[in-house]
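What follows is one structure encoded as structure tokens, with my remarks underneath.
The values are calculated or read from the model by the stated rules, or taken from the named source; none is laboratory data. All figures in this text were calculated on a predicted structure; none of them were measured in a lab. No Cβ is skipped: glycine too gets one built from the backbone with ideal geometry, and neighbour counts run over all protein chains shown. Surface areas here come from the heavy atoms of the whole protein model, side chains and all, with no ligands, DNA or RNA. Shrake-Rupley method; radii C 1.70, N 1.55, O 1.52, S 1.80 Å.
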Amino acid sequence: MVVSSAPGKVYLFGEHAVVYGEPAVPCAIERRARVSVEARDDDRIRVHAEDLSLNGFTVEYSDDSDGGPDVDVAESLVQAGIGYIDAAVEQARDAAGRPDAGFDITVESEIPLGAGLGSSAAVTTAGIDAGTRELGVELSAEEVAERAYQAELEVQNGEASRADTFCSATGGAVRVEGDDCRAMDAPDLPFVIGFDGGAGDTGELVAGVRALREEYDFAADTVESIGDVVRSGEEALAAGDVAELGELMNFNHGLLEALGVSSRSLDQMVWAARDAGAHGAKLTGAGGGGCIVALDPTDSTQTALRYTPGCEDAFRAELDTDGVRVEDEE
Ligand code: MEV
């Protein structure tokens with residue numbers, strides 16, 4: 001049995017535009033998904049999952065069963081979660097040359113599903129790491145990142161950037177532009193996260209931006225403008241200028257709103273954070289619902305968010321410099 005964990009993340013800048021080759025800067029946060037994998041002596045897969053925002057569920061299936069997994073919680077989020085686990089299993093089998101390997105898998109996550117904090121990348125990354133190790137293969141963080149990216153591509157109908165999976169595999173602040181992924185130096189960033197209790201469908205939201213971009217020139221220009229904001233953000237990050245970073249996050253949020261991926265509750269939380277004196281605030285991840293990230297070294301934003309209609313949880317998050325790692329191996 002092997003247990004691996006990987007961190008979630010917030011986007012300081014650049015989600016959605018990164019899908020079209022613009023740079024993005026995601027930062028790993030100290031909230032992890034832990035995946036335990038134990039090889040079985042048949043080819044079946046049994047998944048038990050516990051997530052803070054869902055009741056636990058268990059499914060069991062194998063490749064030759066006709067229908068999909070037999071899930072007794074009719075939630076599209078659960079189905080999406082299973083899709084990522086399934087794709088991680090395929091990657092682990094492929095890396096080990098064991099196409100028929102069966103596993104008992106347990107997922108425990110501190111990262112709400114589909115809320116913009118990189119739960120799917122964390123589960124996929126940790127799952128590939130634990131699955132390959134259980135089959136006797138040790139991959140580097142970069143190899144895990146590559147396979148996790150391939151898994152996300154498959155689940156998201158060919159539309160994913162390397163940002164989420166690379167950040168989750170390597171930890172820290174990273175810069176991703178197309179296939180170029182690298183670590184970045186970052187100052188201590190006072191992240192505050194607001195969560196509306198909801199979720200967005202990444203695949204649908206990415207497809208929505210693509211459709212808008214095809215229909216309107218302004219949308220293509222907006223994607224490019226996000227790239228400009230990110231490039232300025234990189235300079236602010238290098239200078240350790242947190243006030244400037246906040247201002248640029250505000251611009252980034254406005255541009256994401258123009259692309260139609262914000263929501264009333266995300267906007268309400270963003271404005272509550274700004275009114276409370278945060279340096280800046282924006283939605284994080286695919287949007288549609290889920291989380292915002294603000295920069296505020298004081299307690300004001302967290303307190304204000306707790307009283308904001310539509311905000312279900314507000315918490316501080318530290319940058320996690322550790323990427324995917326083994327927690328336990330027997
Ligand atoms: C989702 O966490 C981030 C998006 O940019 C999609 C991706 O990069 O794959 C919306």
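Considering (1) touching a Ser or Thr at 6+ places or on another chain (Cβ under 6 Å); (2) small (Gly, Ala, Ser); (3) at pLDDT below 95, the lone condition that Gly171 does not fulfil carries the number (3).
Among the residues of region 271-293, are any among the polar types (S, T, N, Q) and either more than 22 Å from Pro7 (Cβ to Cβ) or part of a helix (DSSP H, G or I) (or both)? No, there is no match, as no residue in region 271-293 is among the polar types (S, T, N, Q) and either more than 22 Å from Pro7 (Cβ to Cβ) or part of a helix (DSSP H, G or I) (or both).
Taking only region 294-319 into account, find how many residues are part of a loop (DSSP other than H, G, I, E, B) and open to solvent by 10 Å² or more (accessible area, probe 1.4 Å). Break it down stepwise before answering.
Within region 294-319, the subset part of a loop (DSSP other than H, G, I, E, B) is 296-299, 307-312, 318.
The next check asks that each one be open to solvent by 10 Å² or more (accessible area, probe 1.4 Å); those that pass are 297-299, 307-312, 318.
Number satisfying all stated conditions: 10.
If we scan region 299-306, do we find a residue that is more than 21 Å from the chain's Cα centre (by Cα) and either among the small types (Gly, Ala, Ser) or within 16 Å of the ligand (Cβ to nearest atom) (or both)? Within region 299-306 (the criterion being more than 21 Å from the chain's Cα centre (by Cα) and either among the small types (Gly, Ala, Ser) or within 16 Å of the ligand (Cβ to nearest atom) (or both)), the answer is yes, since at least one residue qualifies.
If you filter region 154-200 down to residues that are of a type in the set (Ser, Thr, Tyr) and in a helix (DSSP H, G or I), you find that the one that is farthest from the ligand (Cβ to nearest atom) is Thr170. Among the residues of region 320-330, those that are open to solvent by less than 70 Å² (accessible area, probe 1.4 Å) and over 17 Å from Gly118 (Cα atoms) comprise Val326, Asp328.
Selection over region 256-275 of residues that are within 22 Å of Glu244 (Cβ to Cβ) and out of contact with any strand residue (DSSP E or B) (no Cβ under 9 Å at 6 or more places or on another chain) gives a count of 2.
Listed conditions (1) under 30 Å from Asp267 (Cβ atoms); (2) open to solvent by 10 Å² or more (accessible area, probe 1.4 Å); (3) assigned to a strand (DSSP E or B) are all met by Gly203, apart from (3).
Within region 17-57, count every residue that is of a type in the set (Ser, Thr, Tyr) and at pLDDT below 65. Final tally of qualifying residues: 1. In region 262-273, the count of residues that are under 18 Å from Thr202 (Cβ atoms), touching a helix residue (DSSP H, G or I) at 6+ places or on another chain (Cβ under 8 Å) and free of Cβ contacts under 8 Å to residues at least 40 places away in the same chain is one or more.
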